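The values are calculated or read from the model by the stated rules, or taken from the named source; none is laboratory data. Source: prediction; values computed, not measured. Cβ: placed from backbone, ideal geometry, glycine included. Neighbour counts: every protein chain shown.
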Amino acid sequence: MQGHSVISIIRELKKRRIKSPSGNTVWSKRAIETLLANEKYVGDVTVGKTFRNEFPSNKRSVNNGERRKFEMTNSHKPIIQREVFNKVQQEHKKRSNIGIDAGKVVRKNTRYSMKSLVVEKVA
């Protein structure tokens, strides 16, 4: 909400000596991103975000529509206001370099990405 990037949040947590949920002194980017997108902080619950595949693999997979998800709003007391949470989600979406175009995940900009680099083969 104050314009900090995920990296600057990590630096601030380190400066304040706040440990990650796993007890590490350094937070991962993924941990911060997950924390900022967790609907439980506004009192909602989503069940079925992941599922286990059939035996024998039993591998856990992200549910991208293969199974039903169940969402319950206001299931418990929130710790942040929904308006604040929604503004953070909007800011994250605005800053994200990933977008959806015709159902496909695409990068919005490859200016600083190695993906746009064309390498010529030198014999």
Residue check, residue 4 within 27 Å of residue 94 (Cα to Cα) and in a loop (DSSP other than H, G, I, E, B): yes
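Test of understanding: among 37, 31, which residue is small (Gly, Ala, Ser), surrounded by 12 or more Cβ atoms within 10 Å (Cβ to Cβ) and at pLDDT below 90?
Testing whether each residue is small (Gly, Ala, Ser), surrounded by 12 or more Cβ atoms within 10 Å (Cβ to Cβ) and at pLDDT below 90 leaves just 37.
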Wholly enclosed strands (runs of 3 or more DSSP E) of the stretch 9-119 bearing at least 2 residues touching a residue at least 24 places away in the same chain (Cβ under 8 Å): 45-47, 70-72
